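Engineer: Below are the structure tokens for one structure; questions will follow.
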Amino acid sequence: MEITKIPQNSRLIIYEFLQHIFQLFSKNLPVDAWNTSKIDKFQNGIHHQIEELETCLSEEQSKLRNNFQTWILKSSIYSIKKYFKRITSFLQDKQYSHCSWEAVKMELRMCYIIFDSLMKKKTT
């Protein structure tokens with residue numbers, strides 16, 4: 001789906017998720033257990049999506065309509081940051097084991113379900 005057809009607030013939330021996913025998968029990966037070329041392809045894909053969103057969002061930052069909308073957005077972004085902090089803490093507690101990464105991969109599949117629902121929202 002074309003990024004410009006997704007509502008602005010949804011784009012900002014997706015952008016925040018992608019930033020954290022990229023950061024998460026950029027450190028302490030169990031490279032001996034995973035296919036490194038697939039990891040590289042995954043990271044490159046996320047990086048490309050982040051760049052596209054940055055271009056789109058830089059043009060829209062000034063268009064946020066009101067303080068309530070901004071507050072809701074900041075609250076959502078704060079919740080996303082807390083979510084990824086918990087994931088990072090989990091990985092640290094488990095010493096970045098292969099098993100802990102598998103659990104994180106399963107958890108992040110939920111992110112893609114959220115992305116899918118955000119992308120299917122009707123434009124506002």
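The values are calculated or read from the model by the stated rules, or taken from the named source; none is laboratory data. Keep in mind that this is a model prediction, so the values were computed, not measured. Accessible surface areas use protein heavy atoms only, side chains included; no ligands, DNA or RNA. Shrake-Rupley method; radii C 1.70, N 1.55, O 1.52, S 1.80 Å.
Engineer: In this model, which of Lys5/Lys82; Lys41/Lys120; Lys82/Lys105; Lys38/Lys105 are farther than 22 Å apart at the alpha-carbon?
Structural biologist: Over 22 Å Cα-Cα: Lys5/Lys82; Lys41/Lys120.
Engineer: Which whole-Hz ³J(HN,Hα) couplings does the stretch 88-102 yield from phi under the Karplus relation 6.51 cos²θ - 1.76 cosθ + 1.60, θ = phi - 60°, glycine and proline marked x?
Structural biologist: Calculated HN-Hα couplings, in order: 4, 5, 4, 4, 5, 4, 8, 6, 6, 5, 4, 4, 5, 5, 5 Hz.
Engineer: Further question: Solvent-accessible area of Glu52, probe 1.4 Å, all protein chains present, reported in Å² to the nearest ten, please.
Structural biologist: Counting only protein heavy atoms, Glu52 exposes about 90 Å² to solvent.
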